[in-house]
Amino acid sequence: MAYLGMSLTMTGFPNATLVSDCWKSHFKSGAWQHQICLAHLLRELNYFDDQYKSPWAKKCKKLLVSAIKIKTQMESGDYLNHHPPRSSVESDMDLLLTEDIDAKHKEVVTFKKRLTKYRDHLFTFLYQPNVPPDNNGSERAIRNVKVKQKISGQFKSMEGADRFAILRSITDTAIKNGQNVLNSLRCLAIQVGAD
C-alpha cells in the first residue's frame, strides 16, 4: 500500500500489543502481545446478568472491574515486580474459569469457553503500563468515519475515502501526541511536496 508517497509493508505488529475483541482473525495478526477488550466483555456480562441473573456473570464482571481499578492504582515499579493485587486477580480468574455454569445458559457457557481459550490475553494490561484494558480509544478514532457515512450516506469515490482516512489519522495522531494539527498537516504537505 502506498499513501502520500509512503510505502507500507504489512507484516504484522512485532512491537505492538493489539487490543481487540475475540475475533479469531485478530489473534492471527502478528503482534508482540494481545489484550482482549474488557469493555466488550463487560457489556456481554451485563447482558447475561440481565437475561439470566447469572451468579457466574456477576462474579466475572466484579473481577474484571476490580482488575481495571487495580490498573488505575499501579505505579511504574508495580509492572516489573511481584504485585499482590494483580496476582490475586489472576488466581481468582483461574478459579472462576473452573466453576460450573447452569447448562441452560448456553450463551454464558460459550462465553466462559471463550475466556478460557483466550485466558492469557485477559490481563496483559496489568503487566504493561502503556496497554489499556479496552480498545475504546481505537473505536473513538473510527467514529468519525461512521459519522461521515451517516451524514452524507457514502463517499463519492474510493480515493476520497482514502484521503479522508489519511487526514483523519494524521489529525487524531497529532491530537493524541499534543501537537498542533494544522502544523502537522503543513509539515506533511511540505514533506510530500519535497518527494
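The values are calculated or read from the model by the stated rules, or taken from the named source; none is laboratory data. The model shown is predicted, which means the values in this text are computed figures rather than measured ones. Every residue, glycine as well, gets a Cβ built from its backbone with ideal geometry; the counts of neighbours run over all protein chains shown. With ligands, DNA and RNA removed, areas are computed over all heavy atoms of the protein, side chains included. Shrake-Rupley method; radii C 1.70, N 1.55, O 1.52, S 1.80 Å.
Observations, loosely collected:
- Qualifying residues in the range 74-116 (those that are among the acidic types (Asp, Glu) and more than 29 Å from Tyr52 (Cα to Cα)) - the one surrounded by the most Cβ atoms within 10 Å (Cβ to Cβ): Asp78
- Hey, Val65 under 16 Å from Thr124 (Cα atoms) and either open to solvent by less than 30 Å² (accessible area, probe 1.4 Å) or of a type in the set (Gly, Ala, Ser) (or both) or not: no
- Among (1) open to solvent by 70 Å² or more (accessible area, probe 1.4 Å); (2) modelled with pLDDT under 70; (3) within 14 Å of the chain's Cα centre (by Cα) - the single one Lys150 does not satisfy: (3)
- Taken as a whole, the condition of being part of a helix (DSSP H, G or I), within 24 Å of Asn46 (Cα to Cα) and either open to solvent by 50 Å² or more (accessible area, probe 1.4 Å) or modelled with pLDDT under 80 (or both) does not apply to Thr173.
- Phe123 falls short on exactly one of the conditions (1) in contact (Cβ under 8 Å) with a residue 12 or more places away in the chain; (2) out of contact with any strand residue (DSSP E or B) (no Cβ under 9 Å at 6 or more places or on another chain), and that condition is (2).
- Within the range 7-62, if we keep just the residues that are out of contact with any helix residue (DSSP H, G or I) (no Cβ under 9 Å at 6 or more places or on another chain) and aliphatic (A, V, I, L, M), the residue that is modelled with the highest pLDDT turns out to be Ala16.
- Extreme residue, farthest from Pro133 (Cα to Cα), among residues of the range 53-87 that are not in a helix (DSSP H, G or I) and not basic (Lys, Arg): Ser54
- When residues of the range 117-145 are limited to those that are at pLDDT 90 or above and basic (Lys, Arg), the one most open to solvent (accessible area, probe 1.4 Å): Lys117
- Looking across the range 35-46, the residues that are touching a residue at least 12 places away in the same chain (Cβ under 8 Å) and open to solvent by 10 Å² or more (accessible area, probe 1.4 Å) come down to Ala39, His40, Leu42, Glu44, Asn46.
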